[in-house]
Amino acid sequence: MPITAQQLLCELIALPSVNPAFLPGRAELTGEQRVADFLAFTADRAGLELEWQEVLPGRSNLLVRLMPAGGKVRRRILLAPHMDTVGVDSEARFKPVVKAGRLHGRGACDTKGSIAAYLAALLELAANGPRPRETEIILTALVDEENNQSGSRALVKRGLQADLAIVGEPTRLKVITAHKGDLWLRLTTHGKSAHGSKPHLGKNAVHAMARVVEELETNYAATLKRRTHPLLGHATVNVGFIAGGRQPNIVPDRCEILIDRRTLPGETDAAVMAELRALLRNLGVDADLTDTKNAPCPALETDPNLPLVRQLTRCAGQRRALGVDYFSDAAVLANGGIPSVLLGPGDIAQAHTADEWVELAQLERLTRLLVKFLRDQP
Ligand SMILES: [Zn+2]
């Protein structure tokens, strides 16, 4: 009997893999290597082929391959969860707890639950077959999804191609073919400082910014509400941070905001920047606008009618195409030419919360669903 998804998930939760960006200097809790080593050990014992892909110092993607029975690879399916998690409020979160049909612990749904179900399905095929004749299945356990998606970016950069990637985000076992993109911007207004008793001699950068914020949160937000996508609703804007000025008696010469702009398929980063620059020109405000992300985070839009996507959707007992708001590795892989969807146990509402959990029944259902889907491949 291969190890079950529940047993795998308990092991995975007990191996801390917080993204180093969230807990700098805490090597005993951060990085994906402990998780990757455990997966490698388990997969190797089952006779699966391993490949390491170093992405950052001490942080490697792990590729676990189930070769086709016929030996010749004509098609390829990736199972692509991520191994890193967000931080914790207490180290007790690394102790898996089963209670009332749920498994609690950091990473339970985001996305160690997916890793567990995906690997359990591969182990089942490896142990009991039958394996597809010409379809290669690769579990790609990725690093750094929660920060820069360096793992998925490295995977596509090194040229791996596939007919489908199933990305392990918590979707309550729904196949998701679309999600929004994400653009983070810094906007800085410039003024001229002067003594607080003579404000007419200066130019107030905070006042200018007040007009910008007002415009963004009212008229611009209203414009975005009218820009809609059938699976994703409308684009959004949020001013999440503001800082400017030093003290009451100085006219501020600088004010800065940070903007989170969620984009729809078809909206490019360049077009959004141009649109915001035009908005600033119309307001007559002198400001700089810069993109603060290290790499682009475009929206995901995979054709729900691709044969493999339809087949997976049927296996999930789902009738219509669905989208979600949050960004994921799927958009990175899709941008690299791999048709990608999301499918995982658990709910995004539990991801990133202190008490993260997943329903055990969903873990089981996903494992069975995947075994069926993969066995149906040629
Ligand atoms: Zn997450």
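The values are calculated or read from the model by the stated rules, or taken from the named source; none is laboratory data. Since the model is a prediction, treat every value here as computed from it, not as a measurement. Note that each Cβ is placed from the backbone with ideal geometry, even for glycine, and that neighbours are counted across all protein chains shown.
One line per residue, one yes/no per condition, for (1) over 21 Å from residue 163 (Cα atoms); (2) in contact with a strand residue (DSSP E or B) (Cβ under 6 Å, 6 or more places away or on another chain):
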| position | (1), (2) |
| --- | --- |
| 81 | no, no |
| 87 | yes, yes |
| 92 | yes, no |
| 95 | yes, no |
| 108 | yes, yes |
| 123 | yes, no |
| 127 | yes, no |
| 139 | no, yes |
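Identification of strands (runs of 3 or more DSSP E) wholly contained in segment 105-182 with 2 or more residues that are within 16 Å of the ligand (Cβ to nearest atom) and touching a residue at least 24 places away in the same chain (Cβ under 8 Å) yields 176-179. When we screen 92, 80 for residues that are modelled with pLDDT under 95 and either within 16 Å of the ligand (Cβ to nearest atom) or not polar (S, T, N, Q) (or both), the only hit is 92.
Residues that are surrounded by fewer than 18 Cβ atoms within 10 Å (Cβ to Cβ) and under 21 Å from the mean Cα position of the chain (by Cα) number at least 2 in the following strands (runs of 3 or more DSSP E) confined to segment 1-91: 49-56. In this structure, residue 173 qualifies as farther than 28 Å from residue 44 by Cβ and touching a Pro at 6+ places or on another chain (Cβ under 8 Å). Residues that are among the hydroxyl-bearing types (Ser, Thr, Tyr), closer than 19 Å to residue 168 by Cβ and touching a helix residue (DSSP H, G or I) at 6+ places or on another chain (Cβ under 8 Å) do occur in segment 294-304, at least one of them. Taking every residue in segment 244-270 that is buried (at least 20 other Cβ atoms within 10 Å of the Cβ) and pairing it with any residue that is small (Gly, Ala, Ser) and not in a loop (DSSP other than H, G, I, E, B), at least 6 positions away or on another chain, the pairs with Cβ-Cβ distances below 6 Å are 244/205; 252/205; 252/244; 255/205; 255/244; 263/181. Residues considered: 191, 240. Of these, the only one that is without any contact (Cβ under 8 Å) to a residue 24 or more places away in the chain and under 25 Å from residue 288 (Cα atoms) is 240.
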